[in-house]
Amino acid sequence: MGQQSISTPWWRDRVVYQVYPRSFQDSNGDGIGDLPGIRTRLDYLDALGVGLIWLSPVFASPMHDNGYDISDYRAVAPEFGTLSDLDGLIADARKRDIGVLLDLVVNHTSDEHQWFRSARSGRDAPFRDFYIWRDPAPDGGLPNGVRSTFGGPAWTLDPETGQYYFHQFSPQQPDLNWANPALRSEIYAMMNWWLDRGIAGFRMDVIDLIGKDPDTGITANGPNLHPYLQEMHRQTLAGRDVVTVGETWSATPDTGLLYSGADRNELSMVFQFEHVTAQWHPEYGKWQPRPFDLIALKQAFNRWQEALAEDGWNALFWGNHDLPRAVSKYGDDGEYRVESAKMLATVLHLMKGTPFIYQGEELGMTNTRFDAIGKFRDIETHNMYREHVAAGLSPDAFLAGANENGRDTSRTPMHWDASETAGFTTATPWIGVNANAAEINAQAARADTGSVWWHYRQLIGLRREHPIIVEGCYSPLLAEDPQIFAYERRHDGSRLVVIANFTGEQVTRTLPAECRIAGRSLSSNYAPVVSFGSTIDLAPYEVQAVLED
């Protein structure tokens, strides 16, 4: 993977594909996806055209949080395979000019990590200061009122040593103490060990939390966050031609450049979630979602495009392993599933930034809906069910919210074919397969050139063909329209206008002069058009992209 130019890093014209290993492909018949399974599907990813694969964690773990509770950073979880399998996957991907990004989870570890096992053995234990410990409050209770993201207090008492330890997620995921230089040194050594094995970089889990100050209640975007990231860069990333993306739920357009500005020496880009949280309930969060608000969605995307217009870089995504399926959340997973899935893909992939595809999104896979709380596997969903129901939310209301926004809705197995287990496994899968797999699967999609899969393939190819998609400036159009998402890109004398109908209704608009264009169709999900004149008629979920060279 060579450098394109000094000003354009090699990865900017690439699209990233997220693999959730547990649900991608099972190779040994135990119902759990694995690394050998992913290796057998590399030709599929190569045919799609992706240039980078992000693997959710494959490290040793007791799997309380599906691998985001790591017990050994330098070992592979046995259910996923071996270190040799991972090395083979990295090598096989490289032969196809595909880089592999590993998921770096260094805000916390598993409570079964050897560091924590040592730390809780005594107050003077060698690794005690790798974690965050506090004495009980004067009344013997919690050190303070900080809450866990997964529900309940962020403090758990360790009876052996009489102190509480801090955890922003489950009690099985104690937070690391980044204030300790020895801890940071261990992490950097581990990162370099993986980089030396040939990975293309890291996706960094909740990286905005590492600068926490639990005594003052600051959990995200703490005062030492950016010094830590700059030190990380000096110790691991500097001089290496790799790509990094940080998961930063607290990032705003005002702080985005602190992470990804060219002179900051921190990260390549960050995931921000403003467009996601804009759709959440102010009290119950994602568990009671608001009605979809296109203007709020556009405002979020447009603010970030403006903030990073001249510096930094946007990470573009609709979904991931923590979020619902894109077509179920922002489109129509019924009558207009294909049209809306293509529309969503076009709107995202033609913006400025790096698009991320969550596995199955390229097929238009939909949310899996569960009819009972017991069918969910996710620790967060079960914890929040207990907490919200105890606070007065009805079980049915919570279940409806979990089926729209819960994490398991998008974690069910990948649909490879129309067989009983969708070609994912020969055994009983670890979580149920979506009932519509016989209709929506890779085998059928690749055989139909009008499918969502072929539309994604086209968009990925366009990115490598047209510099305007990678480098062009972005300007919002029709910003206050409640039904249409439109924008313009300009670069080196070329102009691209994208207009999309986000509704299941026919929409007619009189277009202002700045929307009008004549050229050629770059992408569409209905009959292509070559110009936008004074008026436009858009079918349900129609998108048109016209390029004027």
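Give the number of residues within the stretch 223-238 that are closer than 19 Å to GLY261 by Cβ and either surrounded by fewer than 20 Cβ atoms within 10 Å (Cβ to Cβ) or modelled with pLDDT under 95 (or both).
Number satisfying all stated conditions: 10.
Please state which one of GLY211, GLY239, GLY261, GLY246 is in contact with a His (Cβ under 9 Å, 6 or more places away or on another chain), assigned by TED's automatic domain parsing to the domain that holds VAL276 and free of Cβ contacts under 8 Å to residues at least 60 places away in the same chain.
Only one candidate qualifies: GLY211.
Just to confirm my filter: which helices (runs of 4 or more DSSP H) fall fully inside the stretch 1-106 and include at least 3 residues that are more than 30 Å from SER419 (Cβ to Cβ) and not β-branched (Val, Ile, Thr)?
Ranges flagged: 83-95.
Can we say ALA179 is touching a helix residue (DSSP H, G or I) at 6+ places or on another chain (Cβ under 9 Å) and more than 21 Å from ASP103 (Cβ to Cβ)?
Yes, satisfied.
With respect to GLY360, is the statement that it is assigned by TED's automatic domain parsing to the domain that holds GLY246, in contact (Cβ under 8 Å) with a residue 24 or more places away in the chain and at positive phi true?
Yes: the conditions hold for GLY360.
If TRP54 meets every condition in (1) in contact with a helix residue (DSSP H, G or I) (Cβ under 7 Å, 6 or more places away or on another chain); (2) on the phi < 0 side of the Ramachandran plot; (3) surrounded by 16 or more Cβ atoms within 10 Å (Cβ to Cβ) apart from one, which number is that one?
Failed condition: (1).
For the stretch 413-519, which fully contained strands (runs of 3 or more DSSP E) count at least 3 residues that are touching an Asp or Glu at 6+ places or on another chain (Cβ under 7 Å) and either assigned by TED's automatic domain parsing to the domain that holds VAL347 or under 18 Å from GLU548 (Cβ atoms) (or both)?
494-501
Within the group TRP304, TRP318, which residue is in the same structural domain as ASP254 (by TED's automatic domain parsing), over 24 Å from TYR20 (Cβ atoms) and crowded, with 24+ Cβ neighbours inside 10 Å?
The match here is TRP304.
Does at least one position in the stretch 372-381 carry a residue that is over 17 Å from the mean Cα position of the chain (by Cα) and without any contact (Cβ under 8 Å) to a residue 24 or more places away in the chain?
Yes, the stretch 372-381 contains at least one residue that is over 17 Å from the mean Cα position of the chain (by Cα) and without any contact (Cβ under 8 Å) to a residue 24 or more places away in the chain.
Given the conditions (1) in contact with a strand residue (DSSP E or B) (Cβ under 7 Å, 6 or more places away or on another chain); (2) within 21 Å of THR409 (Cα to Cα), which single one is not true for PHE292?
Of everything listed in (1) in contact with a strand residue (DSSP E or B) (Cβ under 7 Å, 6 or more places away or on another chain); (2) within 21 Å of THR409 (Cα to Cα), PHE292 misses just condition (1).
Picking from ARG463, ARG516, ARG489, ARG509, which residue would you name as being among the basic types (Lys, Arg), crowded, with 19+ Cβ neighbours inside 10 Å and more than 24 Å from LEU308 (Cβ to Cβ)?
From the options ARG463, ARG516, ARG489, ARG509, the qualifying one is ARG509.
Restricting attention to the stretch 163-218, and to residues there that are in contact with a Leu (Cβ under 7 Å, 6 or more places away or on another chain) and not hydrophobic (A, V, I, L, M, F, W, C), which single residue is farthest from GLU231 (Cα to Cα)?
Residue satisfying both the conditions and the ranking: TYR164.
Looking only at residues in the stretch 382-429 that are free of Cβ contacts under 8 Å to residues at least 60 places away in the same chain and under 22 Å from the mean Cα position of the chain (by Cα), which one is surrounded by the most Cβ atoms within 10 Å (Cβ to Cβ)?
By that ranking, first place goes to HIS415.
For the stretch 113-130: of the residues being farther than 25 Å from GLY246 by Cα and part of a loop (DSSP other than H, G, I, E, B), which is modelled with the lowest pLDDT?
If we take residues in the stretch 113-130 being farther than 25 Å from GLY246 by Cα and part of a loop (DSSP other than H, G, I, E, B), then PRO126 is modelled with the lowest pLDDT.
Name the residue, out of GLN279, GLN272, that is modelled with pLDDT under 95 and either of a type in the set (S, T, N, Q) or buried (at least 16 other Cβ atoms within 10 Å of the Cβ) (or both).
GLN279
Can you name the residue in the stretch 200-222 that is aliphatic (A, V, I, L, M) and closer than 19 Å to PRO174 by Cα and, of all such residues, is surrounded by the most Cβ atoms within 10 Å (Cβ to Cβ)?
ILE207
Would it be correct to say that MET365 is over 15 Å from VAL433 (Cα atoms) and either buried (at least 24 other Cβ atoms within 10 Å of the Cβ) or not assigned by TED's automatic domain parsing to the domain that holds GLN506 (or both)?
In short, no.
The values are calculated or read from the model by the stated rules, or taken from the named source; none is laboratory data. Worth saying up front: this structure is predicted, and the values here are computed from it rather than measured. Glycine gets a Cβ as well: all are built from the backbone with ideal geometry, and neighbour counts include every protein chain shown.
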